[in-house]
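Only one structure is covered here, and it is reproduced in the block below.
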């Protein structure tokens with residue numbers, strides 16, 4: 001029997017959050033895992049079917065920008081830890097609607113900090129874990145890596161909103177001696193990712209033989225992290241990390257976008273029993289995104305040396321597993337990309 005704790009996970013119906021919820025619910029039978037999610041377009045309770053009936057799991061629908069709700073919610077629950085993943089996270093959406101990102105990612109984070117600080121005053125053994133992104137560091141040249149000490153230089157409304165929330169979380173640590181840890185991760189991929197992101201978008205479009213839009217010259221480079229590896233890193237940092245510290249979580253898998261898309265094309269052609277090279281013909285170069293960062297790459301030495309974590313799934317295996325999952329779960333994919341699903345969530349929650 002594991003130690004008794006009540007852990008709040010915000011954004012637990014999202015892509016990374018749902019993987020983390022499943023891991024913690026199954027691993028820590030003595031923990032009560034409370035999943036707080038607003039259920040916007042990217043939050044999907046179908047991601048959590050596996051654990052929805054577990055006795056140590058609870059879902060609560062709520063919005064972190066709603067202060068009266070949060071105050072009532074915290075009055076009804078005594079949390080030992082908070083793992084904060086709830087965020088607007090798509091760069092393109094932040095360009096068209098920056099205010100939504102400011103409200104959720106900045107104001108929502110401060111709301112959580114305030115209600116948690118009020119509840120935890122005079123108590124020990126608490127932890128607020130803020131999950132962030134490598135995009136706060138800006139862009140890299142052809143060489144070099146992001147370190148925990150790299151200066152922030154965000155280039156999009158999304159990354160600027162996450163950078164702001166990171167600074168505020170650190171400010172609460174220094175100003176109020178509030179118990180925090182932060183992690184900044186590279187691009188995640190794997191099952192249950194909403195298909196506006198690159199890998200599931202390409203898989204879905206290849207499946208339907210639709211154009212594969214690639215920004216600019218396709219040479220933008222990202223470090224790709226298997227979502228299951230990320231969930232395990234979060235678990236480790238939450239339990240073993242040091243208060244006030246930041247940990248970079250990287251996959252050690254750098255790919256240029258065009259190389260990644262071509263690899264997916266070849267994988268999908270094989271899985272779908274199509275002629276090799278068939279899907280590469282669908283690649284379409286489109287007008288570049290404003291403020292597009294050229295390269296991200298994380299140095300994850302600190303988490304490896306201090307906590308013993310390193311990624312287990314490398315890119316080729318991860319891409320194959322991801323492609324297979326989406327092909328085996330076409331009902332899930334068709335449902336969340338359907339007009340009816342999108343219209344429902346637009347009406348109900350946006």
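The values are calculated or read from the model by the stated rules, or taken from the named source; none is laboratory data. Remember, it's a predicted structure, so these values are computed and weren't measured experimentally. When we count neighbours, we look across all protein chains shown, and the Cβ atoms used for this are built from the backbone with ideal geometry, even at glycine.
Restricting to the stretch 116-147, what's the tally of residues that are assigned to a loop (DSSP other than H, G, I, E, B) and either out of contact with any helix residue (DSSP H, G or I) (no Cβ under 6 Å at 6 or more places or on another chain) or modelled with pLDDT under 95 (or both)?
So the answer is 14.
Would you mind stating whether residue 244 is surrounded by fewer than 18 Cβ atoms within 10 Å (Cβ to Cβ) and at pLDDT 95 or above?
Criteria met by residue 244.
Any idea which residue in the stretch 52-72 is farthest from residue 26 (Cα to Cα), counting only those that are outside any loop (DSSP other than H, G, I, E, B) and in contact with a strand residue (DSSP E or B) (Cβ under 7 Å, 6 or more places away or on another chain)?
We begin by selecting, within the stretch 52-72, every residue outside any loop (DSSP other than H, G, I, E, B); these are 57-61, 67-72.
Applying the additional criterion that residues be in contact with a strand residue (DSSP E or B) (Cβ under 7 Å, 6 or more places away or on another chain) yields 57-61.
Numbers: 57: 10, 58: 13, 59: 15, 60: 19, 61: 21 Å.
This residue is 61.
Take the residues in the stretch 172-195 that are in contact with a helix residue (DSSP H, G or I) (Cβ under 9 Å, 6 or more places away or on another chain) and free of Cβ contacts under 8 Å to residues at least 60 places away in the same chain; name whichever of them is nearest to residue 14 (Cα to Cα).
Applying the filter and picking the extreme gives 172.
Taking the stretch 9-47 only, how many residues are closer than 28 Å to residue 100 by Cβ, surrounded by 22 or more Cβ atoms within 10 Å (Cβ to Cβ) and touching a strand residue (DSSP E or B) at 6+ places or on another chain (Cβ under 8 Å)?
Total meeting the criteria: 16.
Residues are listed down the side, and each one gets a yes or a no for (1) in contact with a strand residue (DSSP E or B) (Cβ under 8 Å, 6 or more places away or on another chain); (2) over 21 Å from residue 184 (Cβ atoms); (3) free of Cβ contacts under 8 Å to residues at least 60 places away in the same chain; (4) exposed (fewer than 15 other Cβ atoms within 10 Å of the Cβ):
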site: 231; (1), (2), (3), (4): no, no, no, no
site: 238; (1), (2), (3), (4): yes, no, no, no
site: 255; (1), (2), (3), (4): yes, no, no, no
site: 267; (1), (2), (3), (4): no, yes, yes, no
site: 271; (1), (2), (3), (4): no, yes, yes, no
site: 277; (1), (2), (3), (4): no, yes, yes, yes
site: 284; (1), (2), (3), (4): yes, yes, no, yes
site: 288; (1), (2), (3), (4): yes, yes, no, yes
site: 300; (1), (2), (3), (4): yes, no, yes, no
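Go through (1) in a helix (DSSP H, G or I); (2) over 30 Å from residue 238 (Cβ atoms); (3) modelled with pLDDT under 95 and name the single condition residue 316 misses.
Going through the list (1) in a helix (DSSP H, G or I); (2) over 30 Å from residue 238 (Cβ atoms); (3) modelled with pLDDT under 95, residue 316 breaks only (2).
Residues in the stretch 289-313 that are in a loop (DSSP other than H, G, I, E, B) and over 22 Å from residue 91 (Cβ atoms): how many?
Qualifying residue count for the region: 8.
Within the stretch 70-92, track down each residue that is without any contact (Cβ under 8 Å) to a residue 24 or more places away in the chain and either touching a helix residue (DSSP H, G or I) at 6+ places or on another chain (Cβ under 9 Å) or closer than 30 Å to residue 293 by Cα (or both). Talk me through it step by step, then tell me what you get.
Here is the first cut: in the stretch 70-92, the ones without any contact (Cβ under 8 Å) to a residue 24 or more places away in the chain are 72, 75-76.
Selection gives 75 alone.
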